[in-house]
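The values are calculated or read from the model by the stated rules, or taken from the named source; none is laboratory data. Every value quoted in this text rests on a predicted model; they were computed, and no experiment measured them. Please note: Cβ atoms are built from the backbone with ideal geometry, for glycine as well, and neighbour counts cover all protein chains shown.
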Amino acid sequence: MTDLIIGIDLGTTNSAVGVVESGFPILLADEDGKRITPSVVWLGEAGGIEIGRNALRRRTLEPGRVITSIKRLMGRRFDEAPDFCAPILPTAGGGVSVLGRSPEEISSEILKELKRIAEWRLDTVIGKAVITVPAYFNDAQRAATKHAGELAGLEVVRILNEPTAAALAYGLDKLAEKSRVAVYDFGGGTFDLSILEMQGGVFQVLATHGDTRLGGDDLDTALVAMVAAKADVDLAAMSDSARVRLIEEAERVKRLLSSEDKAVFRAPFYDGSRSLEMEIERTEFEALLRPWIERTLRHCRQAMADAALTPADLNAIVLVGGSTRVPAVRKAVAELFGREPDLTQHPDEAIALGAAIQAGVMNGSLRQMVLLDVTPLSLGIETFGGLMNVLIPRNTTIPCKAGEMFTNAAAGQQSMRIRVLQGEREMARDNWELGNFEVGFEPLAKGQARVGVQFRIDENGILEVLARDVSTGIDKVVTIRNSAVDVDDAAVEAMVSESVEHAFDDMAERIFTEARLKAEELLPAVEVVLSQGLASDEERVEIEAASDAVRSALSSGSANPLKAAVQRLDHATEGLAARLVERAMEEALERRLAGD
Ligand code: AMP
């Protein structure tokens, strides 16, 4: 067993596990590559257990044996237990049991699964964890969470408040003393707003307000109710499994409407015989969810009043929880607080990342680490003429992505080498090469092949370069590990000062190269045009003089004269080019008329 400590977000709807690896907090994905595990447990009649997506799959078949939102029952006595998805019974000690098990036992199944994922990913036995809980959890709920960890074979070295974890993930622990942060957490089943203040290097919770029965699930249910009302379907008369089908479809549509203006709600044979299909507009959905958003805002105002603060007293607003992906939610929060929320982290991953950071600090693996959240140097690729084409400029906050379209330099070319570069210099050769690969495409005329290149840096600083041949849609993806952000300070400084030192020479070389590429394109084209006899004598004289000027500037190797000569040649051929286009159009028209 290692001393490694894992960080766990044990959420109402979803859970995740992370760790600090090579100085970076990362989430650990399961065998399917998923970093988020639904907090769902299936307890089979014969003793079988399934967790996460496997458990969710059984929901339509055996709704009564699939337990969701067990977190709501943690540390609760029977007389204070909320409504639940399955029947609950009192235990002798006044606690609750679900299908014969305690909430701690059921939660421990989720924790065991997360522990298993971590052990499988890291190839080592794990014995310690940091687990997060809502700021409003009382002692009994915290103790129950710790107990669940122990049942899963984990020593819980710290119970961490979720808003504090989120603030860590956003790097807000670097803020000055007395800085205040609001964490707006809108998940699947719960909402809370917490206000934190940095005191003595750690966050204190100044106020927290929320509702343990207000979340994304409500938005799904509201959408189902709307669709059913429009289609004149009686929800009350429907079987549980048919209702689950509709809710699952509503969730899918809701997610889609976070990025699209409209989406189609489609539930074929949802009860075995009937089907539903309906287009939903985002504006319509936003109007529907307005009352829920309003409720969250009331809690925000209350928390601010409790802490005796106004929005101007806050230094940052961060969003946590999958439901904050809804654009209308983001807009409402920005309006209420009078400032844009920080969106640099994935809202559904921030808490687990923060838990991993806390675990890393306790491990000692994060002591020396500065969390880098910007690209220290520009990233780009080499283009024609050996130039550096920057896709992500230096000092861009990560995660980030950027892309551009490139084309072939020569006719019939069948592939392009993508050289991934890092640095501040204008010429590719003066920058550092992080990697290179070849992307193939169909042979086409010069400038006709189209290759889209996209750079994406995730929150762990991993650069993924994707190149797509637009005509075939075939992608090539290359992953470049931390080197995109993890650069030695001294090396960054050297690169930046070098670029300043060479700024004039570099710029002159770029101008010369760009003008040379243009000249190499123009000169042969001009020859062809002149041979067609369309130019007036006056034009011919000027074009020939301009062409000579370009040739002599090319051989002299100086940038500005070449640029000026190319501009002159471009200008001299303008009238001629327009006439050529006109003639081509006339010919095309004549051909068409003759054909008719
Ligand atoms: P969490 O408890 O933080 O995992 O949040 C889960 C909730 O976020 C669920 O209700 C999801 O349906 C919701 N959610 C996740 N992604 C999106 C999205 N893109 N748009 C709207 N809601 C989302």
Checklist line | Boolean, LEU517 is assigned by TED's automatic domain parsing to the domain that holds ASN436 and under 26 Å from LEU379 (Cβ atoms) | finding: no
Item checked: Members of segment 56-75 that are outside any helix (DSSP H, G or I), buried (at least 18 other Cβ atoms within 10 Å of the Cβ) and either in contact (Cβ under 8 Å) with a residue 40 or more places away in the chain or not aliphatic (A, V, I, L, M) (or both) -> ARG59, THR68, SER69, MET74, GLY75
Notebook entry, point to check: Residues in segment 338-361: is at least one assigned to a helix (DSSP H, G or I) and surrounded by fewer than 17 Cβ atoms within 10 Å (Cβ to Cβ)?
Noted result: no
Notebook entry, point to check: Which of the residues that make up segment 1-55 are closer than 16 Å to SER365 by Cα, part of a strand (DSSP E or B) and more than 15 Å from the ligand (Cβ to nearest atom)?
Noted result: ILE5, ILE6, GLY7, VAL19, VAL20, GLU21, PHE24, PRO25, ILE26
Next item on the list: Hand me the list of strands (runs of 3 or more DSSP E) wholly inside segment 177-292 holding 1 or more residues that are surrounded by 22 or more Cβ atoms within 10 Å (Cβ to Cβ) and out of contact with any strand residue (DSSP E or B) (no Cβ under 7 Å at 6 or more places or on another chain).
Entry: 180-186
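Yes/no matrix, rows are residues, columns are (1) in the same structural domain as SER239 (by TED's automatic domain parsing); (2) surrounded by fewer than 19 Cβ atoms within 10 Å (Cβ to Cβ); (3) more than 16 Å from GLY188 (Cα to Cα); (4) in contact with a helix residue (DSSP H, G or I) (Cβ under 8 Å, 6 or more places away or on another chain):
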| site | (1), (2), (3), (4) |
| --- | --- |
| SER39 | no, no, no, yes |
| GLY48 | no, yes, yes, no |
| ARG53 | no, yes, no, no |
| PHE84 | no, yes, no, yes |
| GLY94 | no, yes, yes, yes |
Check: Of the residues that sit in segment 227-261 and are touching a Pro at 6+ places or on another chain (Cβ under 7 Å) and over 21 Å from VAL326 (Cβ atoms), which one is nearest to the ligand (Cβ to nearest atom)?
Finding: VAL244
Notebook entry, point to check: What is the residue count in segment 376-387 for residues that are under 22 Å from ASP489 (Cβ atoms) and in a strand (DSSP E or B)?
Noted result: 2
Next item on the list: Give GLU438, GLU433, GLU442, GLU426 a once-over and let me know the one that is under 26 Å from the mean Cα position of the chain (by Cα) and outside the structural domain of HIS346 (by TED's automatic domain parsing).
Entry: GLU433
Checklist line | Breaking point among (1) closer than 30 Å to GLU442 by Cβ; (2) assigned by TED's automatic domain parsing to the domain that holds THR383; (3) without any contact (Cβ under 8 Å) to a residue 12 or more places away in the chain, for PRO524 | finding: (2)
Item checked: Flag if ILE280 is assigned by TED's automatic domain parsing to the domain that holds LEU56, within 15 Å of the ligand (Cβ to nearest atom) and in contact with a helix residue (DSSP H, G or I) (Cβ under 9 Å, 6 or more places away or on another chain) -> no
Margin query: When you scan segment 290-310, do you find a residue that is of a type in the set (Val, Ile, Thr), at pLDDT 95 or above and within 16 Å of the ligand (Cβ to nearest atom), even just one?
Written below: yes
Checklist line | Output for segment 311-353, where each listed residue is without any contact (Cβ under 8 Å) to a residue 60 or more places away in the chain and within 16 Å of the ligand (Cβ to nearest atom) | finding: ALA328, ARG330, LYS331, ALA332, LEU343, PRO347
Notebook entry, point to check: Among the residues of segment 161-199 satisfying the criterion of being of a type in the set (Val, Ile, Thr) and within 13 Å of the ligand (Cβ to nearest atom), which is modelled with the highest pLDDT?
Noted result: VAL183
